[in-house]
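Report on one structure; see the data block that follows.
The values are calculated or read from the model by the stated rules, or taken from the named source; none is laboratory data. Computed from a prediction, not measured in an experiment: that's the story for all the values here. As a convention, Cβ positions derive from the backbone with ideal geometry for all residues, glycine included, and neighbour counts pool all protein chains shown.
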Amino acid sequence: MQRLRTEIERTPLRQLIGCREGVLLLGSCFTDNIGTWLQEHWLPVLSNPWGVLFNPASIAMSLQRIIVSNDKDIPFELSIHDGRYYSFAHHGKWSGKDVEELQLQLVGLDSQVREFWQHTQHVIVTLGTSWIYEREGNVVANCHKFPANTFVRRRLSIEEIITLWNPIIEVSSDKHFIFTVSPIRHVKDGLHGNQLSKGTLLMAIDALQQRYAERVEYLPVYELLIDDLRDYRFYADDLIHPSTLAIEAVKELVTDCCFSAPLKQYMCEASPIVKAFLHRPSDPESEEYVQFRQDTLQRKDALLAKYGMAVPTFVP
């Protein structure tokens with residue numbers, strides 16, 4: 001039979017994720033798809049607490065703040081634009097009109113992420129681009145629609161990315177890092193420019209893998225969409241972002257390569273309960289639906305008890 005796809009090898013990672021093992025997901029907006037899926041199944045997961053971060057420098061700097069730096073509870077430098085205060089170390093979802101309130105939120109956020117880090121076994125990092133924006137010599141996580149002439153744009157080198165991530169991985173000997181590259185194409189750089197950017201990320205990850213072979217692994221999400229599926233039906237109408245069908249394919253890849261056997265079984269048992277919670281009745285106050293919700297909650301509690309799990313309490 002003629003082959004219709006150049007399928008990637010679904011080789012399980014050396015370290016697999018267990019049911020009760022904490023997972024921190026960081027990176028591009030593609031991270032949110034996987035993070036939301038895992039959170040919906042009540043796994044001990046924290047996804048993009050600082051908001052969507054696209055480049056490896058901003059992600060590394062956020063981690064350095066909570067695990068390498070000894071400076072805790074230090075106020076952030078905030079800038080005002082159109083009546084709102086922003087931090088160039090965070091995504092725009094962390095902004096506000098009250099500067100003192102925003103400072104408290106950001107310092108408290110780091111404190112909560114630092115606490116979650118203590119119970120994290122796996123760190124999934126999705127890198128989107130090697131292009132960065134600098135303002136007054138400092139890398140920004142987001143430009144927040146400030147005037148373009150206040151930023152300098154350039155592409156990180158492979159060596160710069162390695163230098164940023166070395167100290168993080170060095171001091172995190174108890175963590176398992178899973179790197180991926182986002183399949184979302186940054187076409188404003190041109191297709192060739194996008195490939196140069198993605199190639200830089202891939203080469204940097206490969207170097208980190210070679211240096212920390214026991215603790216750094218790579219999941220081929222980028223190759224799944226670009227080389228395996230390779231069809232515009234797997235993209236949304238903008239022809240850039242993955243479609244719902246593609247995201248389901250990525251979930252299968254994560255399940256096949258990253259999950260332990262008990263976690264795979266748990267996800268199978270949890271999925272129908274999750275779908276039951278998503279059910280939208282015509283009359284949410286009806287006796288039948290109230291009983292349905294109670295039965296579904298009991299099923300959920302029984303499943304979590306069976307696997308010795310607890311619902312995560314911190315979801316920023």
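Among the residues of region 132-176, just one is among the hydrophobic types (A, V, I, L, M, F, W, C), surrounded by fewer than 17 Cβ atoms within 10 Å (Cβ to Cβ) and assigned to a strand (DSSP E or B), namely Val152. Every residue in region 90-106 that is within 20 Å of Ile132 (Cα to Cα) and touching a strand residue (DSSP E or B) at 6+ places or on another chain (Cβ under 8 Å), please. Within region 90-106, Gly92, Trp94 qualify. For region 80-96, name all the residues that are under 12 Å from Leu53 (Cα atoms) and buried (at least 16 other Cβ atoms within 10 Å of the Cβ). Phe88, Ala89, His90, His91, listed by residue number. Residues that are basic (Lys, Arg) and within 29 Å of Tyr133 (Cβ to Cβ) do not occur anywhere in region 257-266. Across region 189-220, the number of residues qualifying as of a type in the set (S, T, N, Q), modelled with pLDDT of 95 or more and within 21 Å of the chain's Cα centre (by Cα) comes to 3. Scanning region 204-244 for residues that are more than 30 Å from Tyr307 (Cα to Cα), without any contact (Cβ under 8 Å) to a residue 40 or more places away in the chain and in a helix (DSSP H, G or I) gives Asp206, Gln209, Gln210, Tyr232, Arg233, Phe234. The residue pairs whose first member lies in region 266-281 and is closer than 11 Å to Lys300 by Cα, whose second member is part of a helix (DSSP H, G or I) and hydrophobic (A, V, I, L, M, F, W, C), and whose beta carbons are closer than 7 Å, counting only pairs six or more residues apart or on different chains, are Glu269/Leu303; Ala270/Leu303; Ile273/Leu303. Among the candidates Tyr212, Tyr218, the residue that is touching a helix residue (DSSP H, G or I) at 6+ places or on another chain (Cβ under 7 Å) and over 28 Å from Tyr133 (Cβ atoms) is uniquely Tyr212.
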